[in-house]
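Quick notes on the structure that follows.
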Amino acid sequence: MLRQCLQKITQQDSLDQCDVRIYDNGAPHDSQSVASEYQNQLNLTYTLNEPGHGFGYSVSRGSREATGDIIVELNDDALVPHDLIPRIRSLFQQDERIGIVGVRAEEEGYHQEGEGIGRIDASHGLIANFNRPTQAAIDVDHIYGFCYAYRRELLSRGAVHDNVLLAKDYSSGNRIETDHCLTARKLGYRVLYDGSLVVTHLAKPRGDLDEWSARWKINQIRNTLYLYLKHFGWLGQRRLALRYMLIHDVGILSLLRRPNYANLVYFFTGLRARLSAVAHWCIFRLTRRALKPLETNKEPDH
């Protein structure tokens, strides 16, 4: 997959403007030998992380070490079109308030959910639908993080990747980009989804993380509840966090109906995730840093 990804990057129209950084979390195959094939074609830096660091660590480190005014975070199973860079740059040039740009995913088996694109719905929570076409870029609440771009200046204003969402080496990246987008919007930036800019997402299973495992479930529940609490509190968005806390993935009914080991594990997995989310939210409330809103007299378009 990495070879396919890099081959597509070499075909970019504005390749001379790209600083490419690869972060290896200790894949069992020899990723560095694949990357070395492209050293003469790309301004490429290859970094092998220390053991015990996962996806979340890499995106956080990459955001700090990348050098451009615009940063594109790209999974190695994403295949970009040749005009990705110039089209993204063109969007950012349209309005200084545009802080984040997401793209349309061409992905086998993509799951549709609810109405709209990229919304935080007060009744249903996260709405994605990032495989839907649009004639032009539209304003959204959040985007799909497999391939998205943002202004470097967001980092200096406080819109950085939240380490709570990245805490575990098995972090799947759940809610990282959504948190990033919501923080950017609080700063006064616009978040765009361009459904006419299509990136192929192979979405292959990860060898280091089984999405049916208990630890993946802990990560998903904890990160979702923490995200809702961080941005809406207990009562915002029609008590979205409270309803998620009491209704989603609780496991009490399953345990009462069929009191077996699997359902017992399921219940305590959800309980552990909830306690972790609330604890981290309390710490965030006590230690949060001030954000620096974008200084502009213009009102965002929605």
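The values are calculated or read from the model by the stated rules, or taken from the named source; none is laboratory data. Values in this document were obtained by computation on a predicted structure and should not be read as measured data. Cβ sites come from the backbone with ideal geometry, for glycine too, and all protein chains shown count toward neighbours.
Some points to look at:
- Of the listed requirements (1) under 25 Å from GLN220 (Cα atoms); (2) of a type outside the set (Asp, Glu); (3) crowded, with 18+ Cβ neighbours inside 10 Å, ASN49 misses just one: (3).
- A single entry from ASP210, ASP194, ASP249 fulfils the requirement of being modelled with pLDDT under 95 and within 30 Å of ILE9 (Cα to Cα): ASP210.
- Of all residues making up the stretch 255-268, the number that are outside any loop (DSSP other than H, G, I, E, B) and surrounded by fewer than 16 Cβ atoms within 10 Å (Cβ to Cβ): 7
- Identity of the residue in the stretch 114-125, farther than 15 Å from GLY195 by Cα and outside any strand (DSSP E or B), that ends up modelled with the highest pLDDT: ALA122
- Inspection of the stretch 128-141 identifies at least one residue that is more than 23 Å from LEU202 (Cα to Cα), assigned to a loop (DSSP other than H, G, I, E, B), under 19 Å from the mean Cα position of the chain (by Cα) and β-branched (Val, Ile, Thr).
- Counting residues in the stretch 53-69 that are over 27 Å from ASP95 (Cβ atoms), touching a residue at least 40 places away in the same chain (Cβ under 8 Å) and surrounded by fewer than 16 Cβ atoms within 10 Å (Cβ to Cβ) gives one or more.
- From the list HIS111, HIS180, the one residue that fits, being touching a residue at least 40 places away in the same chain (Cβ under 8 Å) and not in a strand (DSSP E or B), is HIS180.
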